[in-house]
Amino acid sequence: MNQSSPTTATPTDAEAPAIRPGRYTLSHLAQLEAESIHIIREVVAECENPVMLYSVGKDSGVLLHLARKAFAPAKIPFPLMHVDTTFKFPEMYEFRDRLAAEIGAELIVHRNEKALDEIGRDPECWTCSVCADQLKTQALIQALTQHQFDAAICGARRDEERSRAKERIFSFRNNRMQWDPRNQRPELWNVYNTRLHKGESLRVFPLSNWTELDIWHYIYAESIPVVSLYLARPRPVVYRDGMMLMVSNIIQPREGERVEEVMCRYRTLGCQLCTGAAPSEADTLEKVILETIQATKSERQNRAVDQDRDGSMEDKKREGYF
Amino acid sequence: MKATSNTTTTATDAATAELQDFLARQERKDLLRFVTAGSVDDGKSTLIGRLLFESQGIFEDQLAAIRKASGRRGSAHADLDLSLVTDGLKAEREQGITIDVAYRYFTTPRRKFIIADTPGHEQYTRNMATGASMANLMVILIDAANGVTTQSRRHAFIGALLGIPHIVVVVNKMDLVDYDPDVFARIREEFADFAAKLEIRDLTFIPVSSLYGDNVVRHSQKMPWYGGTTLLNHLETVHIASDRNLIDLRLPVQYVTRLDDKTRGLLGTIASGVIRPGDEVTILPGGHTGRVQRVLGPGGEELAQGYPPQAVTVVLEQDVDVSRGNLLVRSNNVPPVESRFDAMVVWMSEGLLETGRPYYIKHATQIVPGEVSAVRYRIDVNTLHRQAVPTLGLNEIGRCAIHLHRPIALDPYTRNRQTGSFILIDRVTHNTVGAGILLDRKPSEAAPSPERWTSQPKSEHVHRHTSRITPEQRTERLGHNPGTLWLTGLCGSGKSTLAYALEERLFQAGHACAVLDGENLRLGLNKDLDFSGEGRSENIRRAAQVAQTLNEAGLIAICAFIAPHRLDREHARDIVGPDRFFEVHTDAPIDLCRQRDPHGLYELAESGEVQFFPGVTAPYERPEAPALHLDTEGATVEQCVDRLVELLRQKGILPA
Ligand SMILES: Nc1nc2c(ncn2[C@@H]2O[C@H](COP(=O)(O)OP(=O)(O)O)[C@@H](O)[C@H]2O)c(=O)[nH]1
C-alpha cells in the first residue's frame, strides 16, 4: 500500500463503546433469525411442494433449527432431503439418522444409483469433479424431479463464495433447473415472488445474510448439535493432493503415504475424498468459535471443488448445483 | 433467543470465559444495512474494498487471489487493487464491470454491516431500487474531479423515493484535486441544493480518497480543514433506532397453523408497531375484531410484547376467521382499505408497462389480481420534471393509478416500508416487472371523482317545476334545434378560439347561442374549485348542468373544456342528453400546444408549480369516438368553424 499502513485504527473490541440495542431493538443475530424464519414461512405458505436440503453440516443444522422454530410447536411441514454421494464420513450418517429420528422429521435420502452402478461404488473410481457433477448436481436434479419439489430450501450463505454475493434469496431455476445469473428476478423489501410455471423451481436461501461467525455464534447460543468432526481430535491422517485426509473405511494410505496422528478438525464437511482437515487445537465448541474469529483463511479453501478453476462454482451453479 | 451469557453459568475454563465475553459484545451489536451508489469509475469498488480490507472483512486467501489478479489487470495506482475485492460473477470479471446487486458483509467492534453494492450503469435504476429497498443508509460516491453529475442526482432521487433515512455523500478521489477544501465545498453546495427538493432526513458529506484511505477508516492528515468524522465512524455511529415505526401495529399474516385442537396460531413478521396480549385488534380487509391472548416468539416462547422485525405467532382469544394475506392492526389505528389508489412505480422489465393488462400485485403477504389503469406521469429522474407518457419502460419511474380486484389496506410508504410497498408480477411470464410505493397524499387526487356525479340532492324536499313553453315553440322562434357542442382537447389545442369564432358565425346567421368556457367559468361560477380530479369533475358537472339549462331554453351551447377524463365527459353527456351532446376533439400535437400556450402553463406544470396538468403531470384521455375529430394543426380557424357548422347541420341542430 502506498501511503496508508494496513493497520487498522479502529478501537479494539474491548474499548469500543458498543451501541447497545436499546428498547425494542433486536441484536443482529436476532434480526437474522427473524429474517430467516420469515423466509421459511413464506416458502411454506406459497410453494406447493417444498423440501429442505439437509447436508448434515453446521449450516444445515442451523437451517433445520430455524425451520423447527418457525413452526413450533407444530412439526416442520416439509420433508428433509439428503443428497448423498455415499462417500461422506460415517459420523455424518450416524448423526443424520439420529437427528431425524429425534425430531420426527421425514427424511428422504437420494443417491444417483445409476451413476454409482455405472462408474462404481468404490470412491477411487471418482474424481472430485465427476462426483460433484453426477452425485451432487445430477443427483439433486433427479431427486427434485422425481418428487416434483417446486422449492428447495438450502443453507448456502452469500459470504461463502464470491459468486454467491449476487445470489437472490429466492433463486429462480428454469425447467432444466439451470441458474441464469442474468435472468434473476429483482428482489425488493422482504416481498418474494414465488410464482412458477410447470417444471420451474426455486432454490431458497434463508441463511443468505449470515456469516460463518454468525452461524457458530447461533449454534452456541441455541445449543444446536453439530457433528463431532467439527471439533479437534487426534486423528490418523495422510497428506494427499495438498490436503490432509483422515484415514477411514474409504481413505486408505497409498504407496509411499505415511499415516500420522494429528490434532485436527474440519471447517466444512463434504465427501471424504475432497474434504481436508485442518490442524487445530479447538476441541470444544468454544475453542472452535474462538478459532473462527481468528480465522484468516476462508472456509472453503480446504474444499478441492472450488479450486479446480477460477469461477468454477459459478459454472456448477449454472448447471444446477446448489 | 437465549442470552449467551446464561448458557454455561458454571464455566470455568478460560476459553469459555473469553468466548462469552466476546459473544456478549457481539450481542450488543446491531445491524446496519447500507447501499452504495456511484457511476462507473467513481471508485465505488475501491471504497468498498478499502472498508472491507481495513476492517478485516477480507480473508487471506481472497487477498492472495486479488494480489494475483491486480498484477494481471495492470492496475495503475497501487500494488493491491482493492476494487477486485468486490468483483463477482465471471462474465463481469471478463468485461471488467459489475452488473447486479452484490451483498457484502463486514463487522466492526460496534456494528455488523450488510452492504448492497449496486452498479452505476446498465440496469442502474432497477438495481439501485433493489439495493435501496432494505437499506438504512445510502452512500453516494462523487468523483471530486468530476463533481456532481446527472447520475449523482439520480442516485439521490432513488434513495429518497425508496425512503432511505440517511444519505452520505462521499466525495472521492480528493487526492486528484490536491485535497482542496473549495472543491469539496462546491460539490457539497451543489448537491445540497438539489437534495433540498427531495425528502432526505439526514444528509452528510465526507471528503475521502479511497485509494489512499483518507477519511475512510482513518482521519486524513491531508485534509486538516475537514472537521467531521470518517466514513467508517459515521457508519458505526449513525443513529438508526428511531427510524423504525413503533406506533402503527401492522402484522401481515403469513401462515395460519393449528397449535392444538382449539387454538389457531397466526404466524407473521411484525412490520411495525408493538403487539401485546390484551390488545384489541382488527383484521383487514374484512374488519373482524378480536383480542390478543398470547404473543409467541420464534420457538414458541411467550413474549410480553412483539416488535419489528420479530417473527411471531399470535393467538387470539376468539376463534376469528383469519387467513394468509390478512393484516392485523390495532383497532384504534386502522388504515384505509381501498382497491383504487395511486403509487409510484419503478418499472423493471424489458417489456413496457401495459395499462389494462392483468398483473398480480404482491402486497406484504397477499397476492391480488389487478391492473395499472393509467400512467399519470413519468418522472425524469435527472431533472425531477414530470412528463406525460402513455407507459413506462425499463428503469423508468412514474406515478400510476392502480386498480385491484380486491381492496387492500393502504399505508403510505413513508410511514411503513413493508405495508407501503408492493411488487407487480406479470401473470404470463411470472416475472417481477415493477415495484410500487404507496403515496402519502390522498390516493384519488388526480383521478376523476364519480361521487360528484352520482350524489343525490342534499334534501329530499326539493321538487322539479316544468316550463309551459314546448321545445317546438322555441325551435320555431329561434330557427334551430338546441344542442351542445363539447370541445375537448389539451390546453392550447384551440378550444376557446374555435368556440368564440363559431359563436360569431352563428350569431351572424341569426342563431341564439352561448359559450361556456372553462377558464371563464373558473373566474366566477367555479372559482371555488381546484384542479384535482375532484375539482375537475365538479367543474365539468356544473358546466354540463348549465349547458343543459341553455338547451332547455332553446339555445345552442358551445362548451370549451379540457375535460381530460373520459368518465367526466360521459357523465356530461348523460346530463345534457345523448341526442343533444356532440363531442368534438380539438387535437394538436403537444409540442404545438406548448408553443401556442400564452401563459406559460406548460412550464409551470413541468416545474411542479401547477399541479395535475393534463398531458404533462396528469393524463389526458383522448375521446374514443368523437362526433368530430378536428386536427387544428393543419387547418385555419375558418376551416375548422366550417366543419363545426357542417356537424351542426348534419346532426339536425341547424337547418340544412
Ligand atoms: N486517484 C484516485 N483514484 C481512485 C480513487 N478511488 C478509486 N480510484 C481509481 O478509479 C478507478 C475506478 O475505481 P473503481 O473502484 O473500479 O470504480 P467503480 O467503477 O466505481 O467501482 C480505478 O482506477 C481506481 O484505482 C481515489 O480515491 N483516488
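The values are calculated or read from the model by the stated rules, or taken from the named source; none is laboratory data. These numbers were taken from a predicted model, which means no experiment stands behind them. Positions of Cβ are backbone-derived with ideal geometry, glycine not excepted, and every protein chain shown enters the neighbour counts. Surface accessibility is based on the protein's heavy atoms, side chains included, excluding ligands, DNA and RNA. Shrake-Rupley method; radii C 1.70, N 1.55, O 1.52, S 1.80 Å.
Here are some residues: A:THR211, A:THR275. Which one is open to solvent by less than 10 Å² (accessible area, probe 1.4 Å) and either over 30 Å from A:ARG41 (Cβ atoms) or under 16 Å from the mean Cα position of the chain (by Cα) (or both)?
Within the list A:THR211, A:THR275, the selection yields A:THR275.
Going by the structure shown, is A:ASP133 surrounded by fewer than 21 Cβ atoms within 10 Å (Cβ to Cβ), among the acidic types (Asp, Glu) and not in a strand (DSSP E or B)? So that I can check it myself, show each step before the final result.
Details: surrounded by fewer than 21 Cβ atoms within 10 Å (Cβ to Cβ): yes; among the acidic types (Asp, Glu): yes; not in a strand (DSSP E or B): yes.
For A:ASP133, the condition - surrounded by fewer than 21 Cβ atoms within 10 Å (Cβ to Cβ), among the acidic types (Asp, Glu) and not in a strand (DSSP E or B) - is met.
Quick grid of which residues meet (1) modelled with pLDDT under 90; (2) farther than 15 Å from A:ASN193 by Cβ; (3) touching a Lys or Arg at 6+ places or on another chain (Cβ under 7 Å):
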residue	(1), (2), (3)
B:LEU328	no, yes, no
B:PRO335	no, yes, no
B:GLU338	yes, yes, no
B:VAL345	no, yes, no
B:MET348	no, no, yes
B:GLY351	no, yes, no
B:GLU354	no, yes, no
B:ILE367	no, no, no
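Going by the conditions given, is B:HIS234 more than 12 Å from the ligand (Cβ to nearest atom) and in a loop (DSSP other than H, G, I, E, B)? Please lay out each step first, then the result.
Values: more than 12 Å from the ligand (Cβ to nearest atom): yes; in a loop (DSSP other than H, G, I, E, B): no.
So B:HIS234 does not fit the description; no.
For region B:257-268, enumerate the residues that are within 9 Å of chain A (Cβ to nearest Cβ) and in contact (Cβ under 8 Å) with a residue 60 or more places away in the chain.
Of everything in region B:257-268, just one residue is within 9 Å of chain A (Cβ to nearest Cβ) and in contact (Cβ under 8 Å) with a residue 60 or more places away in the chain, namely B:GLY268.
So B:GLN293 fits all but one of (1) outside any strand (DSSP E or B); (2) out of contact with any Ser or Thr (no Cβ under 8 Å at 6 or more places or on another chain); what number is the exception?
All conditions are met except number (1).
Considering only helices (runs of 4 or more DSSP H) fully contained in region A:19-129, which possess at least 2 residues that are away from every other protein chain (no Cβ under 13 Å)?
Qualifying helices (runs of 4 or more DSSP H): A:58-71, A:90-103, A:113-119.
Would you please name the residue that is least open to solvent (accessible area, probe 1.4 Å), looking only at residues in region B:232-273 that are of a type in the set (S, T, N, Q) and over 23 Å from B:GLY325 (Cβ atoms)? I'd like the intermediate steps shown before the answer.
To start, the set of residues in region B:232-273 that are of a type in the set (S, T, N, Q) comprises B:233, B:237, B:242, B:245, B:254, B:257, B:263, B:269, B:272.
Of the ones still in play, those that are also over 23 Å from B:GLY325 (Cβ atoms) are B:233, B:237, B:242.
Working: B:ASN233: 52, B:THR237: 69, B:SER242: 79 Å².
Among those that are of a type in the set (S, T, N, Q) and over 23 Å from B:GLY325 (Cβ atoms), it is B:ASN233.
Among the residues of region A:195-216, count how many are more than 9 Å from chain B (Cβ to nearest Cβ) and in a loop (DSSP other than H, G, I, E, B).
Of the residues in that region, 5 qualify.
Does B:ALA132 fit the bill of being more than 12 Å from the ligand (Cβ to nearest atom), among the aliphatic types (A, V, I, L, M) and more than 30 Å from A:ARG168 (Cα to Cα)?
So B:ALA132 fails the test.
With within 27 Å of B:ARG110 (Cβ to Cβ) and within 16 Å of the ligand (Cβ to nearest atom) as the only criterion, which of B:ASP202, B:ASP175, B:ASP214 stands out?
Unique residue meeting the criteria: B:ASP214.
Could you check region B:184-215 and list, in sequence order, the residues that are farther than 30 Å from A:LEU188 by Cα, buried (at least 19 other Cβ atoms within 10 Å of the Cβ) and of a type in the set (A, V, I, L, M)?
Answer for region B:184-215, where residues must be farther than 30 Å from A:LEU188 by Cα, buried (at least 19 other Cβ atoms within 10 Å of the Cβ) and of a type in the set (A, V, I, L, M): B:ILE187, B:VAL208, B:LEU211.
With A:ASN193, A:ASN175 as the choices, which residue is touching a residue at least 12 places away in the same chain (Cβ under 8 Å) and surrounded by fewer than 22 Cβ atoms within 10 Å (Cβ to Cβ)?
Every option except A:ASN175 fails the conditions.
Could you list, in sequence order, all residues of region B:108-137 that are more than 24 Å from A:ASP214 (Cβ to Cβ) and either touching a helix residue (DSSP H, G or I) at 6+ places or on another chain (Cβ under 8 Å) or modelled with pLDDT of 90 or more (or both)?
B:PRO119, B:GLY120, B:TYR124, B:THR125, B:MET128, B:ALA129, listed by residue number.
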